[in-house]
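Student: My questions all concern the structure below.
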Amino acid sequence: MAEQPLTGKRVLVTRPAHQAANLIAQLSALGAEPLALPLLEIVPTQTGDAAYQTVKSRILDLDLYQGVIFVSANAAAIGTQWVDEYWPQLPIGVQWLAIGAATAARLEAEGIPAYHVAGGFDSEALLADPLLQDVAGQRFLIMRGEAGRELLATTLEARGATVHYADLYRRVCPAHDKELIQSTIYDQRLSVILITSGQALEHLLALAGTEPDLLSTELIVPSPRIADLARARGFTRIRIADGPDDTSMIRAIRPAD
């Protein structure tokens, strides 16, 4: 029988529903009891949305940019649909960049050769790469979700670049009823909660409140930034994984000291 080191652990999986299956399967194989509670729903920008015409204009102007940056696998999935619609052949002279290996893999699967920082999974890693140090006079398009982090744009602009956004989707809080929240989080004590974004953390608190049983549950996050957010919101047992990917998040789950 395969080793099952996570036997007895009830693990709350909060990834969007369309991204959680692999993580749930791996946790089950290791003996854990994964409980799915998606805390983000990805809603693509549609005709009639305020951002739609801006996104279309940016995509039509892809050949005017020296670099196009996809901030997430969701941005890659939705962004490549836009690119396919308006660019049967990729524009020449554009450097395609991805934040994280999963984002790069999604772009590669769609035929876009993307550069990413090996081992890096956030804006800070990409900004530290030599490729983005001397960018004065260059134009960049950031493919992202609405109201994402500003660090990438502000840093590139400080280095002399011109930066535009294409807001490809919105992240909304799924409509979970109180009965599901109660049965998933409170009826039986959780061992671990996996959170991979600050917005998912806020949605968890909005849905489940700030009960001591929740705030004292071990929380695994992918970065010091999200750890700081969780600490400020009252969580007392926080562990930082090596990254937001499934393997790193699972590796961070271990018996309590």
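Student: With labels modelled as points extended 7 Å from the Cα through the Cβ direction, what inter-label distance (nm, one decimal) is found for Gln46 paired with Asp187?
Tutor: A separation of 3.3 nm, rounded to one decimal place.
Student: Grab the DSSP H runs of the chain that are 4 residues or longer, score each as -39,500 (n - 2.57), total them, divide by all residues and round the 222 nm result to the nearest 500 deg cm²/dmol.
Tutor: The helix contribution divided over the chain gives -9500 deg cm²/dmol.
Student: Of Gly79, Leu40, Tyr169, whose Cα points farthest to the positive end of the dipole of the chain (charges on the beta-carbon: +1 Lys, Arg; -1 Asp, Glu; origin at the Cα centre)?
Tutor: Leu40
Student: Using the C-alpha atoms of segment 103-163, what convex hull volume per residue, in cubic angstrom, is computed? Don't jump to the answer; show the numbers that get you there.
Tutor: Working: hull volume 5.8 nm³, N = 61.
Spelled out: Cα convex hull of segment 103-163, divided by residues, is 95 Å³.
Student: Which value, in debye to the nearest 20, gives the size of the charge dipole of the chain about its Cα centre, when Lys and Arg are +1 and Asp and Glu are -1 at the Cβ?
Tutor: Working: 21 positive and 30 negative charges, 76 e Å.
My answer is approximately 360 debye.
Student: Here is a further query. Quote the FRET efficiency, to the nearest 0.05, computed for Ser216 versus Gln89 with a Förster distance R0 of 41 Å and r equal to the Cβ-Cβ distance. Walk me through the numbers before you get to the answer.
Tutor: Values: r = 55 Å, r/R0 = 1.35.
That pair, Ser216 with Gln89, gives E of 0.15.
Student: Shifting gears a bit: Pull out the extension gain between Cys173 and Gln26, defined as 0.36 nm times the separation in residues minus the alpha carbon to alpha carbon distance; nm, one decimal.
Tutor: Values: separation 147, 0.36 × 147 = 52.92 nm, distance 2.51 nm.
So the chain would gain 50.4 nm between Cys173 and Gln26.
Student: Further question: Gain in length, Leu180 to Glu110, computed as 0.36 nm per residue apart minus the alpha-carbon separation, to one decimal in nm? Let's see the in-between values first.
Tutor: Working: separation 70, 0.36 × 70 = 25.20 nm, distance 3.66 nm.
Extra length available between Leu180 and Glu110 comes to 21.5 nm.
Student: Which of rounded, prolate, oblate describes segment 44-171, given a ≥ b ≥ c as roots of the alpha-carbon gyration tensor eigenvalues and a/c under 1.5 marking rounded, otherwise prolate only if a/b is larger than b/c?
Tutor: Verdict is rounded for segment 44-171.
Student: Suppose we keep just the DSSP beta bridges with both residues in the chain; what percent of those would be antiparallel, to 5?
Tutor: The antiparallel proportion sits near 10 percent.
Student: How large are Rg and Dmax for the chain when only the alpha carbon atoms are used, in Å?
Tutor: 19.5, 59
Student: Please give me the summed charge of the neighbours of Ala75: other residues whose Cβ is under 14 Å from its Cβ, Lys and Arg +1, Asp and Glu -1.
Tutor: Working: positive: Arg58, Arg106, Arg144, Arg149, Arg170, Arg171; negative: Glu110, Asp122, Glu146, Asp167.
So the surrounding residues net to +2.
Student: Just for the Cα atoms in segment 1-102, what are the lengths along the principal axes, largest first, rounded to whole Å?
Tutor: 55, 31, 19
Coordinate-derived values only; no laboratory data. The structure presented is a predicted model; accordingly, all values stated were derived computationally and were not measured. Glycine also receives a Cβ, built like all others from the backbone with ideal geometry; neighbour counts cover every protein chain displayed.
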